[in-house]
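Undergrad: So that we are looking at the same thing, I have put the structure below in structure tokens.
The values are calculated or read from the model by the stated rules, or taken from the named source; none is laboratory data. Predicted model, so just to flag it, every value in this text is computed and none were measured. Please note: Cβ atoms are built from the backbone with ideal geometry, for glycine as well, and neighbour counts cover all protein chains shown. Remember, those area values only see protein heavy atoms, side chains included, never the ligands or the DNA or RNA. Shrake-Rupley method; radii C 1.70, N 1.55, O 1.52, S 1.80 Å.
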Amino acid sequence: MATTSILGASFNADESRILFSSNASGIFNAYTLPVEGGTPEPLTCSTTDSTFSVSFFPHDDRVLITRDQGGDENYHLFLLAPDGIEKDLTPGDGLKAQFMGWRPDGSAFFVASNERDPRFFDLYRYDAHTYARTLIYTNEQGFDLGPISRDERWIALNRVNTTSDSDIYLFDVARQEIKHLTPHDGSISFHAETFGPASRKLFFLTNEGSEFKRLCAYDLFSGAVTDHESADWDIINTYFSKDGRFRVTGINQDGSIVIRVVEVMEVVEVVGEEGEKPVKLPAFPEGEIRGVVFSQNSSRMAFYLNGDRSPDNLFVHDFNTGQFKQLTQSLSKEIDSSDLVEAQVVRFRSFDGTVIPSIYYKPHEASTANKVPAIVYVHGGPGGQTMRGYNAQIQYLVNHGYAVLGINNRGSSGYGKTFFTAANRKHGREPLWDCIEAKTYLASLGYIDHERIGIMGASYGGYMTLSALAFRPEAFKVGVDIFGVSNWLRTLESIPLYWESVRKAIYDEIGDPVNDIDILVATSPLFHAKEIRKPLMVIQGANDPRVIKAESDEIVEAVRKHNIPVEYIVFPDEGHSFTKKKNQIVANRRILEFLDKYLKGRRRAERRKTSDTG
């Protein structure tokens with residue numbers, strides 16, 4: 001837990017420094033670093049609410065930052081002047097605001113805000129000098145705001161119909177007209193990603209006619225649609241550098257992120273057309289490239305490298321010299337990376353033959369002569385995904401002798417639309433049964449103690465933990481629920497107002513709290529708490545806007561009535577995740593103590609290579 005978490009990157013005007021976020025102080029703040037390396041300089045010093053960097057202003061050292069209050073997720077956008085004075089650019093109570101990008105010449109920037117109607121986000125343009133703002137799109141139809149073309153003529157709008165069916169609309173700013181670009185039959189995903197540098201094309205993702213999402217281009221003048229890029233897995237995003245010279249594509253490849261970078265080459269013979277050629281990057285250290293960001297003139301590229309045994313570290317590559325430099329060292333100096341473990345991608349067949357992909361971590365000391373306990377680790381979502389990469393919590397548990405299987409049960413992202421939709425309206429049943437089969441898979445390994453297998457997860461993973469203990473009480477020895485749903489009826493009725501654009505899709509996947517009461521009662525662990533017979537740990541953020549505190553309060557009370565051991569921890573300054581290192585340390589130490597007591601029991605690991613804060 002002493003590992004430093006860092007994220008984000010933005011070059012300043014003369015490309016001498018990079019802006020990013022770090023929790024080195026114990027809570028996220030904004031920092032800058034020289035591109036040639038050096039000591040991070042804090043720009044903010046918050047000790048209460050996490051502060052995240054957004055962007056340098058394109059022509060000077062002013063900075064945009066964002067923060068909420070106590071994890072309530074009502075983020076505001078702030079101006080941070082070079083003298084350290086802050087100004088809230090989105091003042092007001094109960095609103096949520098988000099930075100949406102810069103005008104190409106840097107004279108203005110765009111902000112989404114739900115201040116007019118708490119359900120929907122409108123789009124504003126802010127003058128970069130006076131901060132005067134202009135409303136450029138009033139969102140009265142509940143769209144999700146998409147990219148803005150560089151000439152500001154077009155705004156792409158996304159509409160989620162269900163979790164597997166979506167549409168793209170195009171708003172003509174000059175004419176104040178909306179056009180539906182993707183009329184279709186059946187469940188097909190369409191999502192606007194970015195406009196081309198010349199504002200002639202809209203690039204979007206779709207899985208029309210295939211299991212996986214590919215990149216297509218819509219010609220804004222002719223209406224022609226062409227396939228632009230594909231892979232054997234889902235393309236998850238694409239975007240251009242500020243000057244349009246480079247385009248980056250992210251691919252979700254079997255639980256890993258693969259990045260492609262191409263250089264855009266204008267084809268003179270056909271006006272407005274562009275060709276692309278792959279960019280040959282140097283041999284970086286082992287790991288996955290993430291978060292690629294270019295300087296104003298694309299002479300430098302900032303990015304993160306992440307591996308199973310190495311957390312995110314910030315790098316800068318100079319295209320002019322061909323050299324790159326690592327700027328940060330995030331892993332605690334007290335940790336020997338060789339004591340950590342590489343993840344394995346494993347697969348097993350579930351009860352009905354469905355192949356379930358998973359990310360597996362095996363302790364170094366595990367052997368047939370030294371059988372270890374194991375944990376089925378369930379991701380959030382429902383449609384999330386456990387992926388490879390550094391996970392401090394998992395490595396902490398593995399280092400203390402627990403095998404961890406990060407299951408991607410049916411309904412998880414990344415493995416095609418058939419697999420993704422296989423869990424719809426089946427939560428608490430088939431996806432849970434995949435977790436039961438995961439226990440069977442673990443027990444089949446010669447070095448796992450089949451009598452000491454538990455289950456844990458956060459958010460939807462917390463729901464799955466409660467479901468396992470309530471609906472299959474014989475399966476797991478213990479459960480750890482972090483921010484988990486216990487009562488679907490209440491959760492679906494109390495989702496934040498600004499989720500209005502996806503409310504119907506959530507109801508379609510989980511159930512309607514008015515029309516599907518019987519289904520939701522049947523799949524809500526709270527109404528079956530008397531069946532829970534195994535030790536349970538529950539962790540909750542008091543300010544959680546998604547899974548409110550009552551969800552945890554009531555399941556804890558209900559289980560304790562039957563004299564089952566329950567440990568309950570509430571963090572008064574957290575929401576639906578951990579943003580403060582001190583809370584992460586406390587929570588994970590308590591989780592380990594709980595597992596050692598109720599899952600590992602007296603048969604403790606012989607070696608502990610790191611301290612409890614390692």
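Undergrad: Mind listing whichever residues of the range 459-483 are open to solvent by 30 Å² or more (accessible area, probe 1.4 Å) and touching a helix residue (DSSP H, G or I) at 6+ places or on another chain (Cβ under 9 Å)?
TA: Correct list: F471, R472, K477.
Undergrad: So which pairs qualify, if the first residue must be in the range 522-533 and within 14 Å of R560 (Cα to Cα), the second must be open to solvent by 60 Å² or more (accessible area, probe 1.4 Å) and in a helix (DSSP H, G or I), the Cβ gap must be under 7 Å, and the two must be at least 6 apart or on different chains?
TA: Listed pairs, sorted by first residue: L526/E554.
Undergrad: Next up: Taking the range 219-251 as the region of interest, how many residues are within 23 Å of H180 (Cα to Cα) and touching a residue at least 40 places away in the same chain (Cβ under 8 Å)?
TA: The total comes to 4.
Undergrad: Related question: Only one of V345, V404 is within 17 Å of A438 (Cβ to Cβ), open to solvent by 30 Å² or more (accessible area, probe 1.4 Å), modelled with pLDDT of 95 or more and in a strand (DSSP E or B). Can you tell me which?
TA: V345
Undergrad: Among the residues of the range 361-388, write down those that are open to solvent by less than 30 Å² (accessible area, probe 1.4 Å) and over 30 Å from W488 (Cβ atoms).
TA: Across the range 361-388, the qualifying residues are Y361, P363, A366, V372, P373.
Undergrad: Are any residues in the range 302-337 assigned to a loop (DSSP other than H, G, I, E, B) and crowded, with 16+ Cβ neighbours inside 10 Å, and if so, which ones?
TA: D308, R309, F319, L327, T328, S330, L331, S332, I335
Undergrad: What are the pairs, 6+ residues apart or on separate chains, where a residue within the range 492-512 that is under 16 Å from L145 (Cα atoms) has its Cβ under 8 Å from a residue that is open to solvent by less than 40 Å² (accessible area, probe 1.4 Å) and part of a helix (DSSP H, G or I)?
TA: Hits for this filter: W499/I506.
Undergrad: Could you tell me whether K96 is at pLDDT 95 or above and under 20 Å from N158 (Cβ atoms)?
TA: yes
Undergrad: Going through the range 348-360 one residue at a time, which ones are surrounded by fewer than 20 Cβ atoms within 10 Å (Cβ to Cβ) and either assigned to a loop (DSSP other than H, G, I, E, B) or not charged (D, E, K, R) (or both)?
TA: F348, F351, D352, G353, T354, V355, listed by residue number.
Undergrad: Where the second residue is assigned to a loop (DSSP other than H, G, I, E, B) and the first is of a type in the set (D, E, K, R) and lies in the range 160-171, which pairs have Cβ atoms under 6 Å and are six or more apart or on separate chains?
TA: Pairs that qualify, where the first residue is of a type in the set (D, E, K, R) and the partner is assigned to a loop (DSSP other than H, G, I, E, B), are D165/S187; D167/T182.
Undergrad: Go over the candidates N207, N252 one by one and state the one that is closer than 25 Å to V355 by Cβ and either basic (K, R) or touching a Ser or Thr at 6+ places or on another chain (Cβ under 6 Å) (or both).
TA: N207 is the lone residue from the list that is closer than 25 Å to V355 by Cβ and either basic (K, R) or touching a Ser or Thr at 6+ places or on another chain (Cβ under 6 Å) (or both).
Undergrad: Further, regarding this structure: Does T418 satisfy the condition of being part of a loop (DSSP other than H, G, I, E, B), of a type in the set (V, I, T) and modelled with pLDDT of 95 or more?
TA: When the stated conditions are applied, T418 does not pass them.
Undergrad: Quick one: in the range 519-553, of everything that is in contact with a strand residue (DSSP E or B) (Cβ under 7 Å, 6 or more places away or on another chain) and open to solvent by 50 Å² or more (accessible area, probe 1.4 Å), which residue is nearest to E500 (Cα to Cα)?
TA: For the range 519-553, the residue satisfying everything is K549.
Undergrad: Related question: Would a scan of the range 563-581 turn up a residue that is in contact (Cβ under 8 Å) with a residue 40 or more places away in the chain, under 21 Å from the mean Cα position of the chain (by Cα) and assigned to a helix (DSSP H, G or I)?
TA: yes
One line per residue, one yes/no per condition, for (1) out of contact with any His (no Cβ under 7 Å at 6 or more places or on another chain); (2) part of a strand (DSSP E or B); (3) crowded, with 19+ Cβ neighbours inside 10 Å; (4) modelled with pLDDT under 95:
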position	(1), (2), (3), (4)
T3	yes, no, yes, yes
G8	yes, yes, yes, no
F20	yes, yes, yes, no
Y31	yes, yes, yes, no
T44	yes, no, yes, no
D49	yes, no, no, yes
S55	yes, yes, yes, no
H59	yes, no, no, no
Q69	yes, no, no, yes
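Undergrad: Buried (at least 19 other Cβ atoms within 10 Å of the Cβ) and over 23 Å from D72 (Cβ atoms) - does that describe any residue in the range 484-507?
TA: no
Undergrad: Which of the residues that make up the range 363-386 are in contact with a strand residue (DSSP E or B) (Cβ under 7 Å, 6 or more places away or on another chain) and within 19 Å of K477 (Cβ to Cβ)?
TA: P363, A366, K371, V372, P373, A374, I375, V376, Y377, V378
Undergrad: Let me ask you something else. Kindly indicate whether G416 is open to solvent by less than 10 Å² (accessible area, probe 1.4 Å), at positive phi and either in contact (Cβ under 8 Å) with a residue 24 or more places away in the chain or touching an Asp or Glu at 6+ places or on another chain (Cβ under 8 Å) (or both).
TA: yes
Undergrad: Related question: Would you say T162 is surrounded by fewer than 17 Cβ atoms within 10 Å (Cβ to Cβ), in contact with a Lys or Arg (Cβ under 8 Å, 6 or more places away or on another chain) and over 25 Å from Q296 (Cα atoms)?
TA: So T162 fails the test.
Undergrad: For the range 187-211: of the residues being assigned to a loop (DSSP other than H, G, I, E, B), without any contact (Cβ under 8 Å) to a residue 60 or more places away in the chain and not aliphatic (A, V, I, L, M), which is surrounded by the fewest Cβ atoms within 10 Å (Cβ to Cβ)?
TA: G209
Undergrad: May I pose another question? How do the helices (runs of 4 or more DSSP H) wholly within the range 424-493 filter down when requiring 1 or more residues that are under 20 Å from E593 (Cα atoms) and not hydroxyl-bearing (S, T, Y): which remain?
TA: 460-471
Undergrad: Then there's this: In the range 212-244, which residues are of a type in the set (K, R) and not in a strand (DSSP E or B)?
TA: K213, K242
Undergrad: Quickly run through the range 244-296 and pick out the residues that are among the polar types (S, T, N, Q), more than 30 Å from V346 (Cβ to Cβ) and either open to solvent by 40 Å² or more (accessible area, probe 1.4 Å) or modelled with pLDDT under 95 (or both).
TA: Q296
Undergrad: Could you tell me whether any residue of the range 42-54 is touching a strand residue (DSSP E or B) at 6+ places or on another chain (Cβ under 9 Å) and among the acidic types (D, E)?
TA: yes
Undergrad: Do you know which of the residues in the range 95-148 that are in a loop (DSSP other than H, G, I, E, B), open to solvent by less than 30 Å² (accessible area, probe 1.4 Å) and in contact (Cβ under 8 Å) with a residue 24 or more places away in the chain is nearest to H191 (Cα to Cα)?
TA: Residue satisfying both the conditions and the ranking: F143.
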